[in-house]
Amino acid sequence: FTLYCIIGLMNISVVIPTFNEEKLLGKCLESLQKQTEKPFEIIVVDNNSTDRTAAIAKKMGVKVITEKQQGISFARNAGFNAAKGDIIARLDADTTALPNWIERIKQDIETEGKDAVFGPAYYLDLPAKLQFSHLPSMYFFKLTKAILKKHMLFGLNMALKKPLWEKVKNEVCMDNSVVHEDFDLAIHLWKYGKIDFDKDLRVKTSPRRWKSVQSDVEYTTRLFKMLKSHGIINLPTINF
């Protein structure tokens with residue numbers, strides 16, 4: 001790994017966890033195939049899809065693996081463990097990477113020596129298609145950094161060194177009902193390396209995560225419960 005850093009031959013594996021993503025996966029994969037610098041491999045993890053997700057991925061010539069245990073953490077782990085690259089990048093199926101995405105990751109990790117990196121996202125199909133829709137994600141992570149003194153990770157737009165994953169893969173929490181898998185991964189990574197934010201590592205994603213006030217409340221509640229369970233914050237128990 002160190003030799004690769006010196007001579008500039010680090011390879012990037014892109015992992016995309018999927019569950020019934022036939023409507024959006026094609027655009028995601030197209031964005032990776034149009035990169036200014038091509039990834040070493042693209043791995044689509046099919047997590048028991050009942051639609052054409054796997055067929056679309058195979059037709060587009062990417063590697064498809066199957067994870068039978070349901071859940072985003074299990075799908076992510078299967079993809080990360082299968083990755084052969086020196087750097088593991090993560091993208092969600094409803095997300096498209098800007099053309100210089102791979103190039104930015106290599107700049108951050110290979111050239112600048114960062115351990116793990118993430119960036120903001122533009123949200124598509126919002127009212128008036130807000131030109132600056134990446135700002136909410138930027139300021140959210142600035143806020144978490146100000147509160148926690150360390151960066152979290154943004155699961156739909158992130159990358160880390162493969163040896164760092166090897167150190168935490170048996171430590172990460174797997175119950176998605178009580179943790180946010182990307183934030184949980186970040187917490188476990190803190191012991192072994194530094195996470196950095198790159199404002200220019202940008203992607204475009206759908207706003208489907210913010211479906212309703214109820215889902216927003218659930219997201220926030222789970223976040224605080226996770227931080228409390230990891231001993232990061234000390235809050236009284238609140239039942240919603």
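The values are calculated or read from the model by the stated rules, or taken from the named source; none is laboratory data. Computed from a predicted structure; not experimentally measured. When we count neighbours, we look across all protein chains shown, and the Cβ atoms used for this are built from the backbone with ideal geometry, even at glycine. Side chains are part of the model used for accessible areas, which takes the heavy atoms of the whole protein and leaves out ligands, DNA and RNA. Shrake-Rupley method; radii C 1.70, N 1.55, O 1.52, S 1.80 Å.
What number of residues within region 83-105 satisfy the criterion of being open to solvent by 20 Å² or more (accessible area, probe 1.4 Å) and either out of contact with any Lys or Arg (no Cβ under 8 Å at 6 or more places or on another chain) or among the aliphatic types (A, V, I, L, M) (or both)?
6
Could we say that Lys84 is in contact with a Ser or Thr (Cβ under 7 Å, 6 or more places away or on another chain), more than 16 Å from Phe154 (Cβ to Cβ) and basic (Lys, Arg) here? It would help to see each step written out before you state the result.
Values: in contact with a Ser or Thr (Cβ under 7 Å, 6 or more places away or on another chain): yes; more than 16 Å from Phe154 (Cβ to Cβ): yes; basic (Lys, Arg): yes.
Yes, satisfied.
Can you tell me which residue is nearest to the chain's Cα centre (by Cα) among those in region 27-61 that are outside any loop (DSSP other than H, G, I, E, B) and over 24 Å from Lys106 (Cα atoms)? Spell out how you get there, then give the answer.
Kept after step one, since they are outside any loop (DSSP other than H, G, I, E, B), are these residues of region 27-61: 27-33, 41-46, 53-59.
Right, trim to over 24 Å from Lys106 (Cα atoms) and you get 46, 53-59.
Numbers: Asp46: 16, Thr53: 19, Ala54: 20, Ala55: 23, Ile56: 21, Ala57: 19, Lys58: 22, Lys59: 24 Å.
Here the answer is Asp46.
Confirm whether Asp108 is of a type outside the set (A, V, I, L, M, F, W, C), within 17 Å of Pro39 (Cβ to Cβ), modelled with pLDDT of 95 or more and open to solvent by 10 Å² or more (accessible area, probe 1.4 Å). Outline the logic, then answer.
On the way: of a type outside the set (A, V, I, L, M, F, W, C): yes; within 17 Å of Pro39 (Cβ to Cβ): yes; modelled with pLDDT of 95 or more: yes; open to solvent by 10 Å² or more (accessible area, probe 1.4 Å): no.
It is false that Asp108 is of a type outside the set (A, V, I, L, M, F, W, C), within 17 Å of Pro39 (Cβ to Cβ), modelled with pLDDT of 95 or more and open to solvent by 10 Å² or more (accessible area, probe 1.4 Å).
Taking region 185-240 only, how many residues are modelled with pLDDT of 85 or more, more than 19 Å from Lys150 (Cα to Cα) and touching an Asp or Glu at 6+ places or on another chain (Cβ under 9 Å)?
3
Scan region 8-46 residue by residue and report those that are over 23 Å from Ala116 (Cβ atoms) and of a type in the set (S, T, N, Q).
From region 8-46, those over 23 Å from Ala116 (Cβ atoms) are 19-27, 29-30, 33-34, 46; that's our starting set.
Matches in region 8-46: Asn20, Gln33.
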